[in-house]
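Here is the structure we will look at, set down as structure tokens.
Just so you know, all these numbers are worked out from the coordinates, no wet-lab data involved. Worth saying up front: this structure is predicted, and the values here are computed from it rather than measured. Here the Cβ positions follow ideal geometry from the backbone for every residue, glycine too, while neighbour counts run over all protein chains shown.
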Amino acid sequence: MSHDNLDQRLVYMANQIGKFFASQPAPKAVAGIENHFRKFWEPRMRERIIAYVDAGGGGLDENARQAVLSLRGHAGMQDEASTVSGAGSVEANPALAGAKLATGEDRGKRSTEAEPMIPDSIARPG
């Protein structure tokens, strides 16, 4: 896909997100669009849409354009969900709670001493 086609695809996607938030007041809509970019767009997509706007690219609805500008203003900052320290811990990421059980961590064992996920009675039928 050429860069022009990619840019147009990102503009289309950003405008679609903007339409979802169109019923909300502008400040809330812009924040919602920016939040969507942060949560669901990979870094290359965010960088690309920022570069597109910086190059004077048009076609973005006003709320989407404002969200990109806001995203650019915060590009150097890390949001809490993406911080490296502690991101792999169960406390920082509740989605890892199942991993805690599988590793035996909840029973005070080191992960190198993890119990098998499948009990022997099932894994090795008698």
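List of remarks:
- Karplus-derived HN-Hα couplings along the range 39-52 (A = 6.51, B = -1.76, C = 1.60, θ = phi - 60°), whole Hz, x at Gly and Pro: 7, 10, 9, 6, x, 5, 5, 5, 4, 5, 5, 5, 4, 4
- At R0 = 25 Å, FRET efficiency that the Cβ-Cβ distance of Tyr12 and Asn35 yields, to 0.05: 0.85
- Taking packing as the residue-averaged number of other Cβ atoms within 10 angstrom, the listed peptides 30-43, 62-75 run from highest to lowest as 62-75, 30-43.
- Net charge dipole, the range 1-73: roughly 240 debye, given to the nearest 20, about the Cα centre with Cβ charges of +1 for Lys and Arg and -1 for Asp and Glu.
- Potential lengthening of the chain between Glu47 and His3 amounts to 14.5 nm, from the contour at 0.36 nm per residue minus the alpha-carbon distance.
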